[in-house]
Amino acid sequence: MRDIFPATVAVAVAGSDDWLGALLPAEQACLGERAVETRRRDFAAGRSCARRAMTDLGLPPTAVPAAPDRSPVWPAGVVGTITHTTGYCAAAAAHTTDVRSVGMDAEQHHEINPGVRRMVLLPEEEALCAGLPGDTSWPVVVFSAKETVYKVWYPVVGTWLGFFDAHLDIDPDAGTFTARIAPARLDEASVEDPPATVTGRFVVADGLVRTAAVLPRR
Ligand SMILES: CC(C)(COP(=O)(O)OP(=O)(O)OC[C@H]1O[C@@H](n2cnc3c(N)ncnc32)[C@H](O)[C@@H]1OP(=O)(O)O)[C@@H](O)C(=O)NCCC(=O)NCCS
């Protein structure tokens, strides 16, 4: 993930120790005692990476609990994001003095079944993917980019964004994407200056699709 974030964002990718990392009490309380082992490992790796990213920013390794809606609760003055998929986990963090919001997502690089595609891709995005080059599964890139867009949007606006509420464009040569948010979602937002567009980067490598986006400070 380091390769697709600007230098103002600190990124930590999980190594073997992170999956076994200890949770701080406030984090353990969110996970609960009955979480299955895979969930515990994913959650622990995310929190361990989050603390390493904060350390890289020169901050103390503070707990990152989860809100009731599952979004991570970063300490004051910090924005951040967490992702995990089979065998991979990463967290990124930045000072609010540098960026307004960050998001990232990692997905396995394989075909998406037609039913899921219909729920995620707009007809224009299906047409876009059909015209893009190479052996990349472009619908996965669209799916991952949209999850990243949601992780950027939600901490700022606090409202739901469905898969059809962002219209995605991809530049395959530049490795970038741009999401235009549906005007209706912008109109109903109660924050000042909700982001009308979110731009980000993507990489397809090592069996994974990784996407990342940063919302600049206003
Ligand atoms: C929240 C969501 C984006 C997570 O993506 P995912 O691929 O399922 O899972 P990932 O491993 O990449 O990310 C999970 C992490 O996202 C973070 N997260 C959860 N809810 C979040 C939210 N509302 N805002 C920001 N981050 C959130 C958490 O840190 C979570 O990890 P944790 O539970 O261990 O703390 C997804 O489950 C979801 O609800 N998607 C529907 C909304 C959407 O994507 N709309 C598209 C708009 S264009």
(request) Please state which of the following conditions GLU27 fails to meet, knowing it meets all the rest: (1) at pLDDT 90 or above; (2) under 27 Å from LEU215 (Cα atoms); (3) more than 19 Å from the chain's Cα centre (by Cα); (4) not in a helix (DSSP H, G or I). (result) (4)
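Residues are listed down the side, and each one gets a yes or a no for (1) touching a Cys at 6+ places or on another chain (Cβ under 9 Å); (2) under 15 Å from ALA12 (Cα atoms):
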residue: GLY32; (1), (2): no, no
residue: VAL36; (1), (2): no, no
residue: ARG40; (1), (2): no, no
residue: GLY46; (1), (2): yes, yes
residue: ARG52; (1), (2): no, yes
residue: ASP56; (1), (2): no, yes
residue: PRO61; (1), (2): no, yes
residue: TRP74; (1), (2): no, no
(request) Keeping to the stretch 191-218, report how many residues are open to solvent by 30 Å² or more (accessible area, probe 1.4 Å), touching a helix residue (DSSP H, G or I) at 6+ places or on another chain (Cβ under 8 Å) and among the small types (Gly, Ala, Ser). (result) 1
(request) Output the qualifying pairs, or none if there are none: Cβ atoms under 7 angstrom, residues six or more apart or on different chains, first residue in the stretch 21-48 and in contact (Cβ under 8 Å) with a residue 12 or more places away in the chain, second residue hydroxyl-bearing (Ser, Thr, Tyr). (result) GLY21/SER48
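The rows are residues; the columns are (1) farther than 16 Å from VAL149 by Cβ; (2) within 18 Å of the chain's Cα centre (by Cα); (3) assigned by TED's automatic domain parsing to the domain that holds GLU27.
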| position | (1), (2), (3) |
| --- | --- |
| THR85 | yes, yes, yes |
| HIS109 | yes, yes, no |
| ASN113 | yes, no, no |
| ARG118 | yes, no, no |
(request) Please report, ordered by residue number, the helices (runs of 4 or more DSSP H) entirely within the stretch 33-146 with at least 3 residues that are among the aliphatic types (A, V, I, L, M) and surrounded by 14 or more Cβ atoms within 10 Å (Cβ to Cβ). (result) 37-56
(message) I need the full set of residues from the stretch 171-190 which are under 17 Å from the mean Cα position of the chain (by Cα) and either over 15 Å from LYS146 (Cβ atoms) or open to solvent by less than 50 Å² (accessible area, probe 1.4 Å) (or both), in order please.
(response) GLY175, THR176, PHE177, ALA179, ILE181
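The values are calculated or read from the model by the stated rules, or taken from the named source; none is laboratory data. Remember, it's a predicted structure, so these values are computed and weren't measured experimentally. Please note: Cβ atoms are built from the backbone with ideal geometry, for glycine as well, and neighbour counts cover all protein chains shown. Only protein heavy atoms, including side chains, enter the accessible area calculation; ligands, DNA and RNA are left aside. Shrake-Rupley method; radii C 1.70, N 1.55, O 1.52, S 1.80 Å.
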